[in-house]
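J.: One structure, pasted below without further comment.
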Amino acid sequence: MTKLGTMVVAAAAALVLAQPAQAQVTLNSVRVAAADTVALAKFYQGAFGMFEVNRLAVPAGPEIFMNFGATADAAKANKGLPIVLFHRDSDAVKDPIPHVILNVTDMAATASAVKAAGGTMDGEPRPFGNTGIVIGFAVDPAGNRIELIQPKK
């Protein structure tokens, strides 16, 4: 190995050793709050085809885990990350930042399903510049915002 090669290897090793060790960190789930988690679970099933996969009894009200699947059993087998519905005292929270972001394949059909399930759309879905992506914002019955993204077809 040349002197320059040795210096490059030594410099790379020094950089690697100087980096702080990072723990394995991954996303566990997304948490959404509502005064009535049972009613909100019905909305997520009707609007997005999600099913209850777990329920924890907590004093304020049940914490309900929802996931995607054609059936409840398929949702339970889904290794994807769940949306966790948990109790809050009031749905009078006004938070303009979307908390859940979902990919959709048909924005018009999803917007219709949101409305049929008791949610609303915050304006009409619209193209995101000239990217071919369509963006929409839904609001569930508890007031949580949901960003919907339809990738370029």
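J.: Among the residues of segment 20-51, count how many are surrounded by fewer than 16 Cβ atoms within 10 Å (Cβ to Cβ) and either polar (S, T, N, Q) or at pLDDT below 95 (or both).
T.: 12
J.: Next question, about the same structure. Looking only at segment 107-139, count every residue that is touching a Phe, Trp or Tyr at 6+ places or on another chain (Cβ under 9 Å) and at pLDDT below 95 and tell me the total.
T.: Within segment 107-139, the subset touching a Phe, Trp or Tyr at 6+ places or on another chain (Cβ under 9 Å) is 110, 113-114, 117-119, 121-123, 125, 134-135.
Cutting the leftovers down to at pLDDT below 95 gives us 122-123.
Summing the residues that are touching a Phe, Trp or Tyr at 6+ places or on another chain (Cβ under 9 Å) and at pLDDT below 95 in segment 107-139 gives 2.
J.: Which of the residues that make up segment 92-110 are without any contact (Cβ under 8 Å) to a residue 40 or more places away in the chain and within 13 Å of Ala47 (Cβ to Cβ)?
T.: Of the residues in segment 92-110, the ones without any contact (Cβ under 8 Å) to a residue 40 or more places away in the chain are 108-109.
Answer for segment 92-110, where residues must be without any contact (Cβ under 8 Å) to a residue 40 or more places away in the chain and within 13 Å of Ala47 (Cβ to Cβ): just Ala109.
J.: Which one is farthest from His87 (Cα to Cα) among residues in segment 132-153 that are of a type in the set (A, V, I, L, M, F, W, C) and assigned to a strand (DSSP E or B)?
T.: Ranking the qualifying residues of segment 132-153, first place goes to Val134.
J.: Six or more apart or on different chains, Cβ atoms under 6 Å: show the pairs whose first residue is in segment 70-85 and surrounded by 14 or more Cβ atoms within 10 Å (Cβ to Cβ) and whose second is among the hydrophobic types (A, V, I, L, M, F, W, C) and in a helix (DSSP H, G or I).
T.: Leu85/Leu40; Leu85/Ala41
J.: For the structure I just gave you, tell me whether Ala60 is closer than 22 Å to Pro141 by Cβ and either crowded, with 20+ Cβ neighbours inside 10 Å or of a type in the set (S, T, N, Q) (or both). Before the answer, list the steps.
T.: On the way: closer than 22 Å to Pro141 by Cβ: yes; either crowded, with 20+ Cβ neighbours inside 10 Å or of a type in the set (S, T, N, Q) (or both): no.
It is false that Ala60 is closer than 22 Å to Pro141 by Cβ and either crowded, with 20+ Cβ neighbours inside 10 Å or of a type in the set (S, T, N, Q) (or both).
J.: Touching a Leu at 6+ places or on another chain (Cβ under 7 Å) and assigned to a loop (DSSP other than H, G, I, E, B): is that true of Leu102 in this structure?
T.: Working: touching a Leu at 6+ places or on another chain (Cβ under 7 Å): yes; assigned to a loop (DSSP other than H, G, I, E, B): no.
Here the answer is no, as Leu102 does not meet what is asked.
J.: Please go through segment 52-90 and give me each residue that is part of a loop (DSSP other than H, G, I, E, B), touching a Ser or Thr at 6+ places or on another chain (Cβ under 8 Å) and at pLDDT 95 or above, ordered by number.
T.: Our first condition is that a residue be part of a loop (DSSP other than H, G, I, E, B); within segment 52-90, this holds for 57-62, 69-71, 78-82, 88-90.
Now drop any that are not touching a Ser or Thr at 6+ places or on another chain (Cβ under 8 Å), which leaves 61-62, 81-82.
Answer for segment 52-90, where residues must be part of a loop (DSSP other than H, G, I, E, B), touching a Ser or Thr at 6+ places or on another chain (Cβ under 8 Å) and at pLDDT 95 or above: Pro62, Pro82.
The values are calculated or read from the model by the stated rules, or taken from the named source; none is laboratory data. Worth saying up front: this structure is predicted, and the values here are computed from it rather than measured. Neighbour counts run over all protein chains shown; Cβ positions are idealised from the backbone, glycine included.
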